[in-house]
Amino acid sequence: MKLRETVRDTMRTDLLAMAELPYGGEDVDQLAHALQAGTLAVAAGSRPALVAAALLHDVGRVPRVMAAFPETPHEEAGATYVSDLVGAEAGWLVGSHVLAKRALVATDPNYFALLSPASVRSLARQGGAADEEEVEHFLRHPLAADAMQLRRWDDQAKDPQARPLPMDELLDAALGG
């Protein structure tokens, strides 16, 4: 189907645009990070929308996406972009990965210790731990558990020695075959 191939080509272009983009002081670039997160989603047997969200959760940092959504936090820019590209479910997950981090800090006493120094610094810029009202509202969403899982993959996907799945295999999983 032509549309599917167009989406696939766009996703490939977006992922390749992440190559060599720094990842906030981490030991991997944005592409390695995205491929690792996608690989973790596939290894968990995730449905296509969650794999797509794992691959594209930081697409809001790609220069052409940033230009389309100036002055917009990367998760919000990414949410709008991914919703238009692959659907609202993946878009919501992308848009929620920062709030999921903040909610995990607020609700899981062991989570903060798992964050890298760069992630701790970004947490401060993102508003720190979510307050009780934010957590309650977030947890009422039917995809909240998926967003929290995506966030955990995000935190794990920073290994310079990791061997992610090939991009084509990840794109297949994100697009349902």
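The values are calculated or read from the model by the stated rules, or taken from the named source; none is laboratory data. As the structure is a prediction and not an experimental result, all values here were calculated from the model. Here Cβ is always computed from backbone atoms with ideal geometry, including for glycine, and neighbour counts include all displayed protein chains. Calculation scope for accessible area: heavy atoms of the full protein, side chains included, ligands and nucleic acids excluded. Shrake-Rupley method; radii C 1.70, N 1.55, O 1.52, S 1.80 Å.
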Quiz item: So what J values fall out for region 6-18 if you push phi through Karplus, 6.51 cos²θ - 1.76 cosθ + 1.60 with θ = phi - 60°, rounded to Hz, Gly and Pro as x?
Solution: 5, 4, 4, 4, 5, 4, 4, 4, 4, 5, 5, 5, 7
Quiz item: Once both axes come from the Cα atoms, what is the angle between helix 74-86 and the longest principal axis of the chain, in degrees from 0 to 90, rounded to 10?
Solution: 40
Self-check item: Charge dipole (debye, nearest 20) of region 58-126; +1 at Cβ of Lys and Arg, -1 at Cβ of Asp and Glu
Solution: 280
Quiz item: Got a number for carbon plus sulfur as a percent of region 16-88's accessible area, 1.4 Å probe?
Solution: 57
Practice problem: Choose one answer from His33, His137, His57: the residue with the largest mean-square fluctuation in a GNM of the chain with alpha-carbon springs under 10 Å. | Solution: His137
Exercise. Could you grab the relative contact order for the chain? Cα pairs under 8 Å, six or more apart, rounded to a whole percent.
Key: 30
Quiz prompt | Karplus-derived 3J(HN,Hα), 6.51/-1.76/1.60, for each residue of region 31-44, Hz, glycine and proline x | solution = 5, 4, 4, 4, 5, 5, 4, x, 4, 4, 5, 5, 4, 7
Quiz item: Rounded if a/c is under 1.5, else prolate if a/b is larger than b/c, else oblate: which is region 117-177, with a ≥ b ≥ c the root eigenvalues of its Cα gyration tensor?
Solution: oblate
Quiz item: Accessible area per residue of the chain at 1.4 Å probe, in Å²?
Solution: 49
Quiz prompt | Theoretical ellipticity at 222 nm over the chain - DSSP helices of four or more residues, -39500 (n - 2.57) apiece, nearest 500 | solution = -20500 deg cm²/dmol
Self-check item: Over region 83-177, relative contact order from alpha-carbon pairs under 8 Å, at least 6 apart, %
Solution: 32
Exercise. Could you tell me which of Ala17, Gly60, Ala88 has its Cα farthest along the dipole of the chain towards the positive end, charges placed at Cβ (Lys, Arg +1; Asp, Glu -1), taken about the Cα centre?
Key: Ala17
Self-check item: Mean separation of Cα contacts under 8 Å (6+ apart) over length of region 100-148, as relative contact order %
Solution: 51
Exercise. Report, to the nearest whole %, how much of the accessible area of region 95-174 belongs to carbon and sulfur atoms, 1.4 Å probe, protein only.
Key: 52
Exercise. Starting from region 99-177, pick out the trypsin sites (Lys or Arg not before Pro) whose DSSP state is loop and whose Cβ has at most 12 other Cβ atoms within 10 Å.
Key: Arg140
Quiz item: Once semi-axes √(5λ) of the Cα gyration tensor in Å is worked out from the coordinates, which option in (1) 34, 18, 14; (2) 24, 18, 16; (3) 38, 20, 14 does it equal?
Solution: (2)
